[in-house]
1. Once the other residues with Cβ under 14 Å from the Cβ of T17 are scored (Lys, Arg +1; Asp, Glu -1), what is the net sum?
2. Taking 0.36 nm per residue of sequence separation and subtracting the Cα-Cα distance, how much length would be gained by fully extending the chain between I376 and D436, in nm to one decimal?
3. Using every Cα-Cα pair within segment 415-468, state what percent have a distance larger than 12 Å.
4. So if each residue of separation counts as 0.36 nm, and I subtract the Cα-Cα distance between A388 and V14, what length gain in nm does that give?
5. By the scheme Lys and Arg +1, Asp and Glu -1, what is the net charge of all other residues having a beta-carbon under 15 Å from that of V149?
6. Hand me the trypsin sites (Lys or Arg not before Pro) from segment 97-126 located in a DSSP loop with no more than 11 other Cβ atoms within 10 Å, in residue order please.
7. In segment 427-468, which trypsin sites (Lys or Arg not before Pro) fall in coil by DSSP and have 14 or fewer other Cβ atoms within 10 Å?
8. When the Kirkwood hydrodynamic radius is evaluated over all pairs of different C-alpha atoms of segment 366-446, what value in angstrom, to one decimal, is obtained?
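What follows is calculated from the coordinates using simple rules that are stated; it is not laboratory data. Computed from a prediction, not measured in an experiment: that's the story for all the values here. Counting neighbours? That spans all protein chains shown, and the Cβs are built from the backbone with ideal geometry, glycine included.
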Amino acid sequence: MSTLNTWIVDINDVFWTYLLIPLVAVAGLWFTFRSRAVQLRMVPDMFRVFKDKPADGVSPFGAFTISAAARIGTGNIAGVATAITMGGPGAVFWMWMMALVGGASAFVESTLAQLYKSRGKEPGTYRGGPAYYMERALGKRWLGVLFAVLITLTFGFVLTAVQSNTITVAVEGSMGGTDSGWFAPVLGIVLAVLLALAVFFGVKRLTAVTKVLIPVMAGVYLLLGLVVVLFNITAIPGMIADIVGGAFGFREVAGGAVGTAILQGVRRGMFSNEAGMGSAPNAAASAETTHPVKQGLVQTLGVYFDTLVVCSMTAFIILSANPTLGERGGADVTQSALSVALGDWAGHILTLVVFMVAFSSMIGNYYYGESNIRFITGSASAMTGYRAVVLACAVLGAMGSVSVVWSLADITMGAMVLVNLIAILPLSVIAFRLMDDYTAQRRAGLDPVFTRDRIPGLKGVECWEPAGADADRAQQPTTAHGGRADTDL
């Protein structure tokens, strides 16, 4: 097993260092330049969109919570700990940079997902994502199928095992460790049963679950983090100095060389906020909104909340306890840091938070896989098989090795990112045309509404019906909701 893990780690390092990180950086900077920094200048619109309420489908906020359920998970607690212990404090700086630059990538991919979404079987439900815009906009179904396979493998299977594994590590740490051979399998079975109860109710029920879990888990965790920060307020300037200094090699410590800091920061940052990965667009496509750009803005805000708020809080918690660097650590590092700062009770509270964030991520991960399985085939037996494998991964993840599980997540996630960026780089011109249409309507004092006839030459768009004979329809959100399922093409 150690030989397999070493082999996977070596492949990961070469893949990320020489191909993926340069591509992610160049793509993010290009999107930022071409959109005139949409991820920064349109922050007020990101909050304004939350007020939109659809007639029947999933709201922009509901789709945001599905993607947040997958974003805010072990990456925020265990992933940040891994970045710091392996890459030093400087890795946090590169996580921040990943969020700021990656926000533009998140905008492009989620806007495209909204434009090329497909109607679901139930009224007011939709599905979509990179696989759909690869087929419909690029005309390359084979590429869409490849991506659908990769995201199902990554999120549906590998990351479900990661979340299950993290819950098990946190629970065992809270119990002071356990040598019982039955504990991990039993916990895995319990998680699989709970996941089965959640996922068999469909996407509308998923949003109902995540709308409750996300605010609660984020609030509890941020409150704990805020208390730790206040207790260590005089040390914060020194932590920030270590983060900035470590990012550029000015204050190198064990494991904190600048190259390692960048590698760990970008990898763990992408694992956490998923910008450019092609996962969040699957949730973005499920929303019913009046303009594709609105959901692009909402998902960009999700990147900021995930990294600049939640991950930063984790970093301050860990750095306040002076963690051991150079050896991979996970949720147990954050758990120990909280216990040192606030007492053993805080470690137990974090166990509950880890369960909440990881379990909600399992729900979001399941939905990503389901949406892409339906893209590949409409077979009911294929969906049943997918659900069975997901539940099996929840059990196996609880019993697996931490290092192997995380290493597999890195390599499958990297493959996903590569395929998605190859698609959205040429398609970004469409996203920017949509952005210009949205901006023009906002300047005219309108609540932006999109119909596919507003941009001549679009192909492969199933929803967003033209206004027809009623010239005013394009400006009436109540009668021209993008993606309303009242007309079949």
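1. Numbers: positive: R267; negative: D10, D13, D410.
Computed value for this residue: -2.
2. Numbers: separation 60, 0.36 × 60 = 21.60 nm, distance 3.29 nm.
My answer for the length gained is 18.3 nm.
3. Values: 1021 of 1431 pairs.
In whole percent, the long-distance tail amounts to 71.
4. Full-extension gain reported as 131.3 nm.
5. On the way: positive: K140, R141, R374; negative: E135, E370.
Its environment carries a net charge of +1.
6. Working: sites: K117, R119, K121; in loops: K117, K121.
Loop-located and lightly packed - K121.
7. Values: sites: R433, R442, R443, R452, R454, K459; in loops: K459.
Here the trypsin sites (Lys or Arg not before Pro) that fit, given the DSSP loop and packing criteria, are K459.
8. Numbers: mean 1/r = 0.0607 Å⁻¹.
One over the average 1/r among Cα pairs gives 16.5 Å for segment 366-446.
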